[in-house]
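Worksheet: the structure to be examined is printed underneath.
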Amino acid sequence: MVSLTSAAGLVGFLSEPDHALQIFALQRLNDSIDNIWTEVSGSIGQIEALYEDEKFPEPELAALVASKIYYHLQDYNESMTFALGAGKLFNLDRPGEYEETIISKCIDNYIAISAMHNPSVPLSSTSQNQSQLGEAFPSNANGNAGAAAGLGSPTTPFSHSSLPSKSLLSREESASFDPSQPLRNPSVPGTHPSALALQKGLMKKLIGIVERLFATCYAEGAYRQVVGIAVEARNLEKLREAILKSSEDDRQKGKSEDLMEYVLDICMNVVQERKFRNEILDLILQLLNDIPNPDYFAIARCVVYLDQHSMASNMLRQLVEKGDPGSVAIAYQLSFDLYDNSTQEFLSKVIQELPGSAEEKQEGQPMNGDAVRPATPRQEPSDNSRESDQLLSELEQSAGPPKMSTLVTSRSRHTPPSAEDKRVFASVRDILQGTKSIELHLEFLYRNNHTDRTILNKVRDSLEARSSIFHTAVTFANAFMNSGTTSDTFFRDNLEWLGKAVNWSKFTATAALGVIHRGNLGQGQKLLEPYLPKENAVAGSAYSQGGSLYALGLIYTNNGAHVLEYLRDQFRGTQDEVVQHGGALGLGVAGMATGSLDIYDELKNVLYQDSAINGEAVGLAMGLVMLGTGNIRALEDMVQYAHDTQHEKIVRGLALGMALIMYARQEAADELVDGLLQDADPALRYGGILTIALAYCGSGSNKAVRRLLHVAVSDVSDDVRRAAVMSLGFVLFRKPKSVPRMVELLAESYNPHVRYGATMALGIACAGTGLDEAIDLLEPMTKDTVDFVRQGALIALSMILVQTNEAMNPKVTAIRKQLQKVIADRHEDAMAKFGCALALGIIDAGGRNCTIGLQTQTGNLNMAAIVGMAVFTQYWYWFPLTHFLSLAFTPTAIIGVDQDLEIPKFQFHSNTRPSMFDYPPEQEVKAEEAPEKVKTAVLSTTAAAKRRRLVKEKQARRESMDIDVAPTTPRVEAADTDKMDTDESVVEDGKKEEKTEAESTRKRVEREKIGYEMENMSRVLPGQLKWISFGEGERYQPPTGGVILLLDTAPSEPKSLVEIKARKKPTAGPATGSSAGRSEDVRMGDATGSAAGASAAAGVLNAVDEDVEGGEEAEVPGEFEVDEEDEDEE
């Protein structure tokens, strides 16, 4: 049909009384509306009148034409309304821009209407105890602090009112809305701003269109689209329907499992309302339990997040009671995953509910020498658990009680477990307690230690040990390089250097033993026995005693069941502030997330002594013990005392402690954040920023990011602004590629504190990724005019490039050389050299076998790593807290164990070149430590004298041979007598050597064969996992990274096991006081042998500093000899 060139005649037909003419006109207009809509738009009123005329036979046709006209006029809401009125005439299957736009608007309004019927009620608004917390903050001139916080910015940065409504990432999460938005029902929290007030008939048609879309998706297998719409619309019934249809469609192809993983990923990474996330997880949990072959690992992720310890213990018990090897292997692997992703409090409850736990308690086998297993800190679990979870009480209503009640009734305690089941349950308890995982990781780090002692020695030689900051920097570099390897030979070989440590440097050096021997649970306390406080002995240095308690906590990080009682006794039994400082840090790190009110009360009693020295550590320890519990009582006590005390150090420690209590609480922490950010004390505002960072860590929350950016450019305190920028890294570490773009402008700020915060944000968010965009931002900042900005840039670069070699990122070689140059530069500032020393330790962390991972293999938050990174950033104020970074070091290995939890010998295939993920080459030891000679300037007079001497020597040799030959003089060019000679050949030869070496390296890589075999307990980087595979005929199957359970396909055949080197008794050589003679490397194992390295330095570190009244005086150092040059030598 020929298209119309003018619509004047057809528009005229619309005014005719004959319906046939009107219908004819509408049909022709509908066919050509894209070309003539400008003429027809003036008659839109007539077309609408035809649609509303009850006598008109085809109102749907009039509605379709009106819809297309409004579409061209870009009034999409009206266009959608008339499209709904068009009924079946609106063709969903027709591909066109008009149809796609209307469908999109229908989906948006469906989501909006569904959200109106399922409003968002934040957890913070449902808690009755929030008002109690609000009373802890003083009211300001504007009234209540919490109310004033919402008006602190003209753009209300902590709400979503200034963002357009597009998805869950920008939807309203609070009851405060922007009055400028045209809301239909503003009294209902969670009302979608773009929801239209549709008639009841049109509403049914809208739902019908969306249902037709869902049916099309089901037919095509596009279940993820339905899941996305259902989650956006907060429609759990539609989500359930999609999951069930997917499961019914084809279970054999794994679509149901893939969809479940997708739903879990959406739930954990996209949904930002914790209450709604809990509802989705509860739904997933119900569906997984109804599936005949459930995904136990998906269930484990849900139960950990929902704190359903009873369900976890019941699931383990059911798997063990099945008895088949496959179920037992799943139970073991599930236990490993639970340990990696759970808190001590959660695991202790699971262990208590397993069969045989009571018998083990009665036996009481101490694992740590004379250390006594502490009593359970919660005598009344119901009251204390209620106290520790007051901010999430509705979680128990929505997900907890129904599941727990069904699980309790399903327990069968009538049938006692068999002998084999008892053995399996004992192994499960060992795994849940963490002893097996820690033992395996310790063995891996021990046998694969690739620490480059040359780098460490150069750091030591480049930094003057008499300077406290430099001595501490070398201590940290040594601790990080040897973290978890049990290799403490550097201390034993450098006792003279170690003897220069005084006061807090001695505290830090002693605590470094805890980082080096971290995970040595079997001999941890005996290793530190020479340093630990003793009741009936001559008192040594208080700094080494406090550092030893701190080290003991670091050894038993997040696994302190067997040392908590000992640490509590030492903490209570001393009045020395330094020892209390170390004891508080040890209690905090060993009792992390236990929720023990007894330990909290003991810490609080010392806090009320109002001592600045121990008060900072006590405030931090209170937060570590109550980590993530949201305990209102603790928060009230800490806020109140922070306002009462006059010590800034105590306020800062309490501020960090409050942030730790709100770890991963998200919107439940909003009221605390509002109160802290409105406080006049910058230290408490600093705590408010850290609360945002830890409460929203890894969530990518838009509202948290917007508030942090607002504070970063508006607060009057440099400390608060620095923390705000730095906290972006914690919130966004799951989206590392978005951070460089976000902090790009902040990295160029005039304020050096903001620039430093930008460097640390990049380091935290991009740690271990080798991200080029982050490196490009940081490289210019290593030459910043301010020393602490350079410090932050160097540390951040090392975090990003940890475990990176030249094949993975060619820039790593140049950056390593730059670090070596900075540490050796005598003109560099002390702060930059301190950061460089830390960087050299971080980039080779754990013997080059550890990365910095803020999330686990399964994608959950790595609680210990996040807490360690957060406390590490406080080294700005207190150097000993730097050791907390070791909590973020995660071993990168494939460690396979069989059903007997033994380590079999087996191989797996890596489909890459060996050099792709190989260790970086060790630094070559140069014969001369003199500076590299680039150009040698030679004076013309010196050259002439040298030539004359050569001529005389030749003449003398000829005369002695009695040969009468006319002497010849070397030919000298005239130009040489007028200019200086330069040794250009040195530079040219150096360049030729570099080119030759680079070409040979490239050719060697090209000649490498792709694919090679790897042994069990080998280093496997996270980026290498996708290249790992098992052969079809292999006996053991299959790896996923970390500690994994191998299913033995041939259990009847004999098996060969990997030799455990860390348990072998070494031959301990005598400790020497000279750093020149290097004694044999003594590792862990036998108590005497393992303690040799630590005890060798005990005499040095336990010596009382000479500035302590009544203490031993240090020996007078010998005269400082200076080698004088022989002036007579030419």
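Here is the figure for the range 74-93: residues that are open to solvent by less than 50 Å² (accessible area, probe 1.4 Å), in a helix (DSSP H, G or I) and among the aromatic types (F, W, Y) total 1.
In the range 766-804, of all residues being in contact with a strand residue (DSSP E or B) (Cβ under 7 Å, 6 or more places away or on another chain) and not in a helix (DSSP H, G or I), the one that is most open to solvent (accessible area, probe 1.4 Å) corresponds to G768. The lone criterion from (1) assigned to a loop (DSSP other than H, G, I, E, B); (2) more than 28 Å from the chain's Cα centre (by Cα) left unmet by G484 is number (2). So, S310, is that one surrounded by fewer than 21 Cβ atoms within 10 Å (Cβ to Cβ), in contact with a helix residue (DSSP H, G or I) (Cβ under 8 Å, 6 or more places away or on another chain), of a type in the set (S, T, Y) and modelled with pLDDT under 85 or not? So S310 passes the test. Residues that are assigned to a loop (DSSP other than H, G, I, E, B) and closer than 22 Å to L585 by Cα within the range 489-523 comprise A501, V502, N503, H517, R518, G519, N520, L521, G522, Q523, listed in sequence order. Scanning the range 846-896 for residues that are surrounded by 21 or more Cβ atoms within 10 Å (Cβ to Cβ), touching a Ser or Thr at 6+ places or on another chain (Cβ under 6 Å), of a type in the set (G, A, S) and farther than 16 Å from T508 by Cα gives G846, G847. The set of residues from the range 59-105 being β-branched (V, I, T) and over 22 Å from F24 (Cβ atoms) comprises T81, T101, I102, I103.
Restricting attention to the range 893-919, the residues being touching a helix residue (DSSP H, G or I) at 6+ places or on another chain (Cβ under 9 Å) and under 30 Å from N809 (Cβ atoms) number 12. Cβ separations smaller than 8 Å between residues 6+ apart or across chains give the following pairs from the range 556-575 residues that are farther than 17 Å from I351 by Cβ to residues that are open to solvent by 30 Å² or more (accessible area, probe 1.4 Å) and part of a loop (DSSP other than H, G, I, E, B): T557/R518; E565/V372; E565/R373; E565/A375; Y566/V372; G573/E535. Of the strands (runs of 3 or more DSSP E) lying entirely inside the range 831-927, those containing at least 3 residues that are more than 17 Å from the chain's Cα centre (by Cα) and under 30 Å from V328 (Cα atoms) span 893-897, 907-910.
The residues listed here are A807, A832; of these, the one that is in contact (Cβ under 8 Å) with a residue 12 or more places away in the chain, open to solvent by less than 10 Å² (accessible area, probe 1.4 Å) and of a type in the set (G, A, S) is A832.
Here R652, R721 are screened, and the one residue that is among the basic types (K, R), closer than 25 Å to A864 by Cβ and open to solvent by 20 Å² or more (accessible area, probe 1.4 Å) is R652. In this structure, T508 does satisfy being among the hydroxyl-bearing types (S, T, Y), surrounded by 21 or more Cβ atoms within 10 Å (Cβ to Cβ), in contact with a Pro (Cβ under 9 Å, 6 or more places away or on another chain) and in contact (Cβ under 8 Å) with a residue 40 or more places away in the chain. A single member of Y71, Y51 is surrounded by 12 or more Cβ atoms within 10 Å (Cβ to Cβ) and touching a Pro at 6+ places or on another chain (Cβ under 7 Å), and it is Y51.
Quick one: would you say S468 is more than 17 Å from I842 (Cα to Cα) and crowded, with 21+ Cβ neighbours inside 10 Å? Taking the combined requirement at face value, the residue does not satisfy it.
Residues are listed down the side, and each one gets a yes or a no for (1) closer than 18 Å to Q433 by Cβ; (2) surrounded by fewer than 24 Cβ atoms within 10 Å (Cβ to Cβ); (3) modelled with pLDDT under 90:
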site	(1), (2), (3)
G553	yes, no, no
Y608	no, yes, no
A612	no, yes, yes
E616	no, no, no
G619	no, no, no
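Applying the condition of being more than 22 Å from the chain's Cα centre (by Cα) and small (G, A, S) to the range 654-681 and asking which residue is nearest to L635 (Cα to Cα) yields G675. Screening the range 227-276 for residues that are part of a loop (DSSP other than H, G, I, E, B) and buried (at least 18 other Cβ atoms within 10 Å of the Cβ) and picking the one that is modelled with the lowest pLDDT gives Q272.
The values are calculated or read from the model by the stated rules, or taken from the named source; none is laboratory data. What you see is a predicted model, and the numbers here were worked out from it, not measured in a lab. Every residue, glycine among them, receives a Cβ derived from its backbone with ideal geometry; neighbour counts consider all protein chains shown. Quick note on the areas: whole protein, heavy atoms, side chains included, nothing else; ligands and nucleic acids left out. Shrake-Rupley method; radii C 1.70, N 1.55, O 1.52, S 1.80 Å.
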